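Participant: Handing you this structure, nothing more for now.
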Amino acid sequence: MVYMSASLCKYVTMCVSIYLSIYLSVYLSVYLSVCLSICLSICLSVCLSIYLSVYLSIYLSVCLSISLSIYLSIYLSFYLSVCLSIYLSIYLSIYLSVYLSVCLSICLSIYLSICLSIYLSVCLSVCLSICLSICLSISLSIYLSIYLSFYLSVCLSVYLSIYLSIYLPVYLSVCLSIYLSIHLSVCLSVYLSA
C-alpha cells in the first residue's frame with residue numbers, strides 16, 4: 001500500500017513536472033514572442049518618435065541654422081569676393097568696351113554732324129554777312145578814296161587845264177569882241193545922235 005502511494009506520488013509529480021515544463025515552455029515562448037514583439041514595437045515606435053522629434057527639432061533648429069549660416073557666410077563671401085569680382089570685371093570690360101566703342105562713336109558722329117551743320121550754317125551765314133559787309137565797306141572806302149583822289153587830282157587838273165587853256169581864251173576873245181562891238185555901236189549911236 002505504501003509502495004503504491006509512493007509510486008502514485010512519483011507519477012503525479014512527474015506528470016505535473018512534464019505539464020508544467022510543457023506549459024511553461026509554450027506559454028513563455030508564446031508570451032515572450034508576442035509580448036516582446038508588442039513591447040518592442042511599442043518601445044521602438046515611442047523611442048523612435050521621441051528620438052526623431054527631438055533629433056529633428058534639435059538638428060533643424062541648431063545644426064541646420066549653424067550649417068546654413070556657415071554655408072551661407074562662406075558661399076556668399078566667396079561668391080561676392082571671387083565670382084562677383086570676376087563677373088563684374090568681365091561684364092564691365094565687355095560692356096564698357098562695346099558701349100564706349102559703339103555708343104560713343106554713334107553719339108559722337110551724331111553730335112559732330114549736328115554741331116558741324118549748325119556751326120557751319122550759322123558761321124557761314126554770320127561770317128559771310130559780316131565779311132561781305134566788311135569787305136564791301138573796305139572796298140568801297142578804298143575805291144572811293146582812290147577814285148576820288150585820282151579823279152580830283154587828275155580829272156580836275158585835266159579839266160581845269162583844258163578849261164583854262166581853251167574856254168577862257170575863247171570866252172574872253174568872243175565876249176570881249178561882242179562887248180566891244182556892242183559898246184562901240186552904242187557909243188557911236190549916242191555920239192552921232194548928239
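Residues are listed down the side, and each one gets a yes or a no for (1) of a type in the set (S, T, N, Q); (2) free of Cβ contacts under 8 Å to residues at least 40 places away in the same chain; (3) exposed (fewer than 11 other Cβ atoms within 10 Å of the Cβ):
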residue	(1), (2), (3)
SER53	yes, yes, yes
SER65	yes, yes, no
SER93	yes, yes, yes
LEU96	no, yes, yes
LEU120	no, yes, no
CYS123	no, yes, no
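Participant: Further question on the same structure: Please find, among LEU152, LEU128, the residue that is in a helix (DSSP H, G or I), hydrophobic (A, V, I, L, M, F, W, C), modelled with pLDDT of 80 or more and surrounded by 10 or more Cβ atoms within 10 Å (Cβ to Cβ).
Facilitator: LEU128
Participant: Can you tell me which residues in the range 56-98 are of a type in the set (Phe, Trp, Tyr) and modelled with pLDDT of 80 or more?
Facilitator: TYR71, TYR75, PHE78, TYR87, TYR91, TYR95 - these are the residues of the range 56-98 that are of a type in the set (Phe, Trp, Tyr) and modelled with pLDDT of 80 or more.
Participant: If you don't mind, there's one more thing I want to ask. Name the residue, out of TYR159, TYR71, TYR87, TYR75, that is part of a helix (DSSP H, G or I), aromatic (Phe, Trp, Tyr) and within 29 Å of the chain's Cα centre (by Cα).
Facilitator: TYR87
The values are calculated or read from the model by the stated rules, or taken from the named source; none is laboratory data. In this text, all values refer to a predicted model and were calculated from it rather than measured experimentally. Cβ atoms come from the backbone with ideal geometry, glycine included; neighbour counts cover every protein chain shown.
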